[in-house]
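Worksheet: the structure to be examined is printed underneath.
Throughout, read-outs are computed from the coordinates displayed, never taken from laboratory work. Worth saying up front: this structure is predicted, and the values here are computed from it rather than measured. Note that each Cβ is placed from the backbone with ideal geometry, even for glycine, and that neighbours are counted across all protein chains shown.
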Amino acid sequence: MNDLFIQQIRLKPDVTVGDRLQNLFPLELRNSITVFIGENGAGKSTLLEAIAIKAGCNPEGGGKNFNFSTEKTHSKLYESLTLSKGYRREKDVFFYRAETFYNLNTAIRKLDAEASFDPEIKSYYGGVDMHCLSHGEAMEALFQHRFKAQGLYVLDEPEASLSPLRQLVFINRIMELSRGGAQFIIATHSPLIMSIPGCDLRQISGGRCEQIAPEDTDAYAVYKAVLNSAGAYITKNMQ
């Protein structure tokens, strides 16, 4: 037995969720940083969304105390899942999804505008209204200030707003937090995040989920081919 907050994700008995996802389960989590990759439409975001909702998060992102809704487009997969928890209990939970992070920041601004005796929510993100920051700066405020050790963090495409250098800062931060007891479940297309030292890298493809090395991924091969050819690969293969 490991000491992760979520140790296994499985389907409830006699439940069918379609060919794209049915054979993914049960999913055993053995590492404090689990990274899922796969082509668009493979099911990564659907899986992470379901895990986050099952863990008590808002479908559009945030922690357990966020209840805003822009559009109810989330999958019902979470209703079919069971999360097997470890003996430790997380002290924080947060769901980041790149496509709705703007909506989350809007919700924070609205809540902070209301009268309250509690500290402003933005104080947990470095004290600045995140709508006054760029997307990348707001994301950095999130992982530098809001994320803590002993927390559970489900992150869908965290690289979306980050430059390569900021991705390295992000990686350093989550490695630091994971050593302090945090657990991260990440979906990405970034070869940098795929290469986090010691992470458990899983590829979702054809309805299956299998471990893979970064250098064996399509993303690694494509980036390497383009960069090594000074762009000639694009000219040759995209005509």
For the stretch 1-64, the fraction of alpha-carbon pairs in successive 10 Å shells from zero, as %
18, 49, 32, 1
Positive-end residue of A115, L81, Y102, charge dipole of the stretch 31-119 with Cβ unit charges:
L81
Taking only the alpha-carbon positions of the stretch 101-166 as identical scatterers, the Debye log10 I(q)/I(0) at q = 0.14, 0.26, 0.27 Å⁻¹ comes out as -0.44, -1.27, -1.32
Please get the size of the charge dipole for the stretch 76-146, origin at its Cα centre, with Cβ charges of +1 on Lys and Arg and -1 on Asp and Glu, quoted in debye to the nearest 20.
380 debye
Collect residues whose amide H, placed 1.01 Å from N in the peptide plane, falls under 5 Å from the amide H of V93; neighbours closer than 5 in sequence don't count.
K64, L152
Working out 0.36 nm times the residue gap between E39 and D218, then minus their Cα-Cα distance, what length gain in nm do you get to one decimal?
63.5 nm
Comparing V226, V17, V93, which has the greatest mean-square fluctuation in the GNM of the chain with Cα pairs linked when under 10 Å apart?
V226
HN-Hα J couplings of the stretch 163-168 from phi, Karplus 6.51/-1.76/1.60, θ = phi - 60°, integer Hz, Gly and Pro as x?
5, x, 5, 5, 5, 5
Between T16 and E114, what's the calculated FRET efficiency when r is the beta-carbon distance and R0 is 45 Å? Round to 0.05.
0.55
Percentage of interatomic Cα-Cα distances in the chain larger than 31 Å:
24 percent
In Hz, Karplus ³J(HN,Hα) per residue of the stretch 129-135 (6.51, -1.76, 1.60; θ = phi - 60°; x = Gly, Pro)
4, 5, 6, 8, 10, 5, 4
For the stretch 9-22, in order, what is each residue's ³J(HN,Hα) by Karplus, 6.51 cos²θ - 1.76 cosθ + 1.60 with θ = phi - 60°, in whole Hz (x at glycine and Pro)?
10, 9, 7, 5, x, 6, 9, 10, 10, x, 4, 5, 10, 3
Roughly what % of Cα-Cα distances in the stretch 102-211 sit above 19 Å, to the whole percent?
51 percent
Gyration tensor verdict on the stretch 24-154 (Cα atoms; rounded if a/c is under 1.5, prolate if a/b is larger than b/c, oblate otherwise)
prolate
Once every DSSP H run of n ≥ 4 in the chain is given -39500 (n - 2.57) and the sum is divided by its residues, what mean residue ellipticity at 222 nm do you get, rounded to the nearest 500 deg cm²/dmol?
-8500 deg cm²/dmol
Antiparallel as a % of all DSSP beta bridges within the chain, to the nearest 5?
40 percent
